[in-house]
1. Just checking, which of Ala35, Ala30, Ala39, Ala78 is more than 33 Å from the chain's Cα centre (by Cα), part of a helix (DSSP H, G or I) and at pLDDT 70 or above?
2. Among the numbered criteria (1) at positive phi; (2) not in a loop (DSSP other than H, G, I, E, B), which one does Leu105 miss?
3. Please work out which residue is surrounded by the fewest Cβ atoms within 10 Å (Cβ to Cβ), limiting yourself to the range 187-226 and to residues that are within 23 Å of Lys101 (Cα to Cα) and of a type in the set (S, T, N, Q).
4. Determine whether the range 156-175 contains at least one residue that is assigned by TED's automatic domain parsing to the domain that holds Thr218, in a strand (DSSP E or B), of a type outside the set (A, V, I, L, M) and at pLDDT 95 or above.
5. What about Leu125, is it farther than 21 Å from Ile211 by Cα and surrounded by 17 or more Cβ atoms within 10 Å (Cβ to Cβ)?
6. Can you pull out every residue in the range 123-148 that is over 19 Å from the mean Cα position of the chain (by Cα) and free of Cβ contacts under 8 Å to residues at least 60 places away in the same chain?
7. Scanning for something more than 28 Å from Asn119 (Cα to Cα) and touching a Lys or Arg at 6+ places or on another chain (Cβ under 9 Å), does the range 156-169 turn up at least one residue?
Amino acid sequence: MFLVTVGGFWGTSHVVLNYGAFEQIVVFKAQHLKASMFAGNASAAQIQPRPSQTLAPVREKIATKRKLARKAKPRDRAKQLLLDMEIYPSDNRIFIPKINKNVPLVSVPNHKNWKSLENTIQKGLQNGVVVHPVSRDPGQLGNFFVTGHSSYYAWDRGKFKDVFALLHEVDPGDQVEVYWEGKKYVYLMREEKVVPPTQISVLNQPKNKSILTLMTCTPVGTNKNRLILVGDLVS
């Protein structure tokens, strides 16, 4: 009875203290379950069109746009060009479409003293996800290393204490976008692994390719291990 009481109290307090992270996980799972159910029903009832039926409206739309473009005045062409232009954020950010996270990238200074470096990183995590000081810039050969909280103390002042709670839902083959100093970099994730906190080899810098490494604590609500996702620069 004593063990059951202690276990129940610990489990309840664990969920309460990490409510934001667990809420994200439950909502994400529910949305995907709902989407898969509707997709299954729709695909069962839908009749697949022939290729000619599928391509005809697309070809007609392209032809119409070309006619309008030829007739448009130079001023109208310039206006349309501005409307179609992709706008990049003014600050450095990372966007993970799979889990719909668009988060500021925070750079922190390096320290030879490990404790000072840890304190600096924890402070930076209050404002987004942190670019580790050993990182190479996106586009350069090497490792662009980013770390963020999957959960943290409920009383912490930061707004991003559970920003990576859904990072385990990102799979190999998913894309991640990095906006850095006015340029966009797209990475294709290829590897997922769980390592102990002492495995510093995840910070290694490859000399022949440009990679992105995302790191957070796992399981959610603990700092027992680290979840590592690695991706390659594709554009």
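The values are calculated or read from the model by the stated rules, or taken from the named source; none is laboratory data. Quantities reported herein were computed from a predicted structural model and do not represent experimental measurements. Here Cβ is always computed from backbone atoms with ideal geometry, including for glycine, and neighbour counts include all displayed protein chains.
1. Working: Ala35 fails: more than 33 Å from the chain's Cα centre (by Cα); Ala30 fails: more than 33 Å from the chain's Cα centre (by Cα); Ala39 fails: more than 33 Å from the chain's Cα centre (by Cα).
Matching residue, one of Ala35, Ala30, Ala39, Ala78: Ala78.
2. Going through (1) at positive phi; (2) not in a loop (DSSP other than H, G, I, E, B) one by one, Leu105 breaks only (1).
3. Thr222
4. The initial filter retains those residues of the range 156-175 that are assigned by TED's automatic domain parsing to the domain that holds Thr218, namely 156-175.
Restricting the remaining residues to those that are in a strand (DSSP E or B) gives 175.
Among the residues that remain, those that are also of a type outside the set (A, V, I, L, M) are: 175.
The next check asks that each one be at pLDDT 95 or above; those that pass are 175.
There is at least one residue in the range 156-175 that is assigned by TED's automatic domain parsing to the domain that holds Thr218, in a strand (DSSP E or B), of a type outside the set (A, V, I, L, M) and at pLDDT 95 or above.
5. Values: farther than 21 Å from Ile211 by Cα: yes; surrounded by 17 or more Cβ atoms within 10 Å (Cβ to Cβ): yes.
Judged against the criteria, Leu125 is a match.
6. Step one: of the range 123-148, the residues over 19 Å from the mean Cα position of the chain (by Cα) are 123, 133-134, 140-142.
Passing the criteria: Lys123, Pro133.
7. Taking the range 156-169 as the starting set, the residues that turn out to be more than 28 Å from Asn119 (Cα to Cα) are 169.
Those left that are additionally touching a Lys or Arg at 6+ places or on another chain (Cβ under 9 Å): 169.
Yes, the range 156-169 has at least one match.
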